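Report on one structure; see the data block that follows.
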Amino acid sequence: MDALLEDLTALLGPGAVLADPSEREKYETGWRYGKGRARVVARPSTTAEVSAFMAYCHGKGLRVIVQGANTGLVGASVPDEGGAMAVLSLERLNRRMEIDPTDRTALVDGGVLLSALNGALAEHGLHFPVDLGADPQIGGMIATNTGGTRLLRYGDVRRNLLGLEVVLADGTVVDTLSALRKNNTGLDWKQLFTGTSGLYGVVTGAVLQVAPLPRQRAVALVALSGGGAVLDLLRSLEGGLFEVFTAYEVISGEALAAVFRHQETLRNPFDEVPPYTALVELASSLPESSLDLASLLEEALGAHMEAHGEGVLDARFGKPAEFWAIRHHVSESLRGEGRVLAFDIAVPRSGLPAFTEAVKAWLGREHPFMRVCDFGHWGDGGTHLNLVWREADSPLPAAELVPRVQRKVYDLAVLEHRGSYSAEHGVGPHNQHYHDLYTPPAVKAAGAALRAHFDPEGLLGITRLW
């Protein structure tokens, strides 16, 4: 251990290498799942240092787990329990942040935080529009292909990624930091590393496409009678307001009621909690003098209510920050209701009501003490299906109940509704079994061949995608 510390300190400099258990602890514990033990934590501050570190680990056969801001939800960002892995933290790899307002691009280090990037972009009237509740690093967002609440308008990270710099497992640096939006010359290198959990290489830099900051937003909370009404309103808004329609977040009655039970500072705008509530957002870079979004939204909802009066129960207009606060406090509030089993599911939008009802019907027969508290990004087919119960009401211990319920819910999503067991959280130890179960053999074979090319010794990560 002394020789390892001495070698790595020589490579990375004083303060960059952590070996004391008290210093390592925060790097060994995941945000929601996963806790392991690291042999050492390395924190390089340049791409050259990442390269030197990876070359050293490759020569020693030392396995590495790459860690960004450690905000992932599937346990893929922490070491295993063996105590032999090195954590490569990118928290100090945050020096580059080159903004080009003309190209509308930002070249950043992989360790730059989303909040820091948006703070710098705001000075130019720009933002990186992949919006989510956590504050991840850009490298981690690329490795997991983050979606977020405004995917409906702006797309995911993959759609906004122009160029990439990657350090491979043997220390090789591959620089494709291009700002080109059009480059039809063959293999799209950057996409091999997007959404593949960092298993092919370490993302040390990226060129991102950024967008103008909206000058105005208009939001409404719409009370709806059920899943069919949710989709009717979605179709209506897309048909009439597509150019300014930026978000469509849906909260079930069970989830919304939990928010108002546990968040005393948040006000319920409705007389009664409806079966479903849609948070609708419009945004535009045009000033109000050119386009009055608030009036446009009121008119569109009024017209829809006349045409679908039985599906729309009520509508409220308000300040964006206040309505988004309701949406962003759902997960926290559900934890106050009891034990929570959270799913990150995607199915085609048209199938969301049927999928949700199928889960409810099965639970009603098999586990009636569990409540479905769903919410999420219905505009892009994503739902955070949360099952909540009081452990005192369950005849089964959680260790037996959870895998039984997980398998059934995932079977319903993947096999019966042509969906995904991981809409946006990625793959890690928490859901590794389901990746093995549902991934077609041909996809596994292709992924394994690429892994053998980029990391033949299998030194990167703990997830077994292939």
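Every listed requirement among (1) crowded, with 20+ Cβ neighbours inside 10 Å; (2) touching a helix residue (DSSP H, G or I) at 6+ places or on another chain (Cβ under 8 Å); (3) under 24 Å from PRO44 (Cβ atoms) is met by ALA143 save one, (2).
Okay, residues lined up against (1) among the acidic types (Asp, Glu); (2) in contact (Cβ under 8 Å) with a residue 60 or more places away in the chain:
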{"site": "GLY379", "(1), (2)": "no, yes"}
{"site": "HIS384", "(1), (2)": "no, no"}
{"site": "VAL414", "(1), (2)": "no, no"}
{"site": "GLU457", "(1), (2)": "yes, yes"}
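The condition of being polar (S, T, N, Q), over 25 Å from LEU352 (Cα atoms), in a loop (DSSP other than H, G, I, E, B) and assigned by TED's automatic domain parsing to the domain that holds GLY227 holds for only one of SER289, SER295, that being SER289. Hey, does the stretch 273-291 have a residue that's surrounded by fewer than 16 Cβ atoms within 10 Å (Cβ to Cβ), free of Cβ contacts under 8 Å to residues at least 12 places away in the same chain and of a type in the set (D, E, K, R)? Among the residues of the stretch 273-291, not one is surrounded by fewer than 16 Cβ atoms within 10 Å (Cβ to Cβ), free of Cβ contacts under 8 Å to residues at least 12 places away in the same chain and of a type in the set (D, E, K, R), which makes the answer no. Taking the criterion of being of a type in the set (Asp, Glu) and closer than 21 Å to LEU62 by Cβ, the only residue of the stretch 156-179 that qualifies is ASP170.
Across the stretch 8-41, the number of residues qualifying as closer than 19 Å to ASP80 by Cα, among the small types (Gly, Ala, Ser) and in a loop (DSSP other than H, G, I, E, B) comes to 4. None of VAL414, VAL405 is part of a helix (DSSP H, G or I), hydrophobic (A, V, I, L, M, F, W, C) and touching a Phe, Trp or Tyr at 6+ places or on another chain (Cβ under 7 Å) except VAL414.
In the stretch 47-66, what residues are of a type outside the set (Gly, Ala, Ser) and closer than 18 Å to GLY458 by Cβ? Spell out how you get there, then give the answer.
We begin by selecting, within the stretch 47-66, every residue of a type outside the set (Gly, Ala, Ser); these are 47, 49-50, 53-54, 56-58, 60, 62-66.
If the condition is that a residue be of a type outside the set (Gly, Ala, Ser) and closer than 18 Å to GLY458 by Cβ, then PHE53, MET54, TYR56, CYS57, HIS58, LYS60, LEU62, ARG63, VAL64, ILE65, VAL66 are the ones that fit.
Taken over the stretch 170-227, the criterion of being part of a strand (DSSP E or B), surrounded by fewer than 22 Cβ atoms within 10 Å (Cβ to Cβ) and of a type in the set (Val, Ile, Thr) is satisfied by VAL173, VAL174, THR176. Assessment of the stretch 148-157 against the conditions (at positive phi and either surrounded by 21 or more Cβ atoms within 10 Å (Cβ to Cβ) or not in a loop (DSSP other than H, G, I, E, B) (or both)) yields at least one matching residue.
Looking at the stretch 431-446, is at least one residue within 20 Å of the chain's Cα centre (by Cα), closer than 28 Å to LEU279 by Cβ and in contact (Cβ under 8 Å) with a residue 12 or more places away in the chain? Scanning the stretch 431-446, I find at least one residue that is within 20 Å of the chain's Cα centre (by Cα), closer than 28 Å to LEU279 by Cβ and in contact (Cβ under 8 Å) with a residue 12 or more places away in the chain, so the answer is yes. Does SER333 fit the bill of being assigned to a helix (DSSP H, G or I), exposed (fewer than 15 other Cβ atoms within 10 Å of the Cβ), in contact (Cβ under 8 Å) with a residue 12 or more places away in the chain and not hydrophobic (A, V, I, L, M, F, W, C)? No: the conditions fail for SER333. Filtered by the rule that a residue be under 20 Å from ASP374 (Cα atoms) and either part of a loop (DSSP other than H, G, I, E, B) or in contact with a His (Cβ under 6 Å, 6 or more places away or on another chain) (or both), the stretch 300-327 gives a lone residue, GLY311.
What number of residues within the stretch 383-402 are β-branched (Val, Ile, Thr) and either in a helix (DSSP H, G or I) or surrounded by fewer than 13 Cβ atoms within 10 Å (Cβ to Cβ) (or both)? Walk me through how you get there before you give the answer.
Of the stretch 383-402, the ones β-branched (Val, Ile, Thr) are 383, 388, 402.
So of that shortlist, the ones also either in a helix (DSSP H, G or I) or surrounded by fewer than 13 Cβ atoms within 10 Å (Cβ to Cβ) (or both) come out as 402.
Residues in the stretch 383-402 being β-branched (Val, Ile, Thr) and either in a helix (DSSP H, G or I) or surrounded by fewer than 13 Cβ atoms within 10 Å (Cβ to Cβ) (or both): 1 in total.
The values are calculated or read from the model by the stated rules, or taken from the named source; none is laboratory data. Just so it is clear, the structure is predicted and the values come from calculations on it, not from any experiment. Using ideal geometry, Cβ is built from the backbone for each residue, glycine included, and neighbour counts are taken over all protein chains shown.
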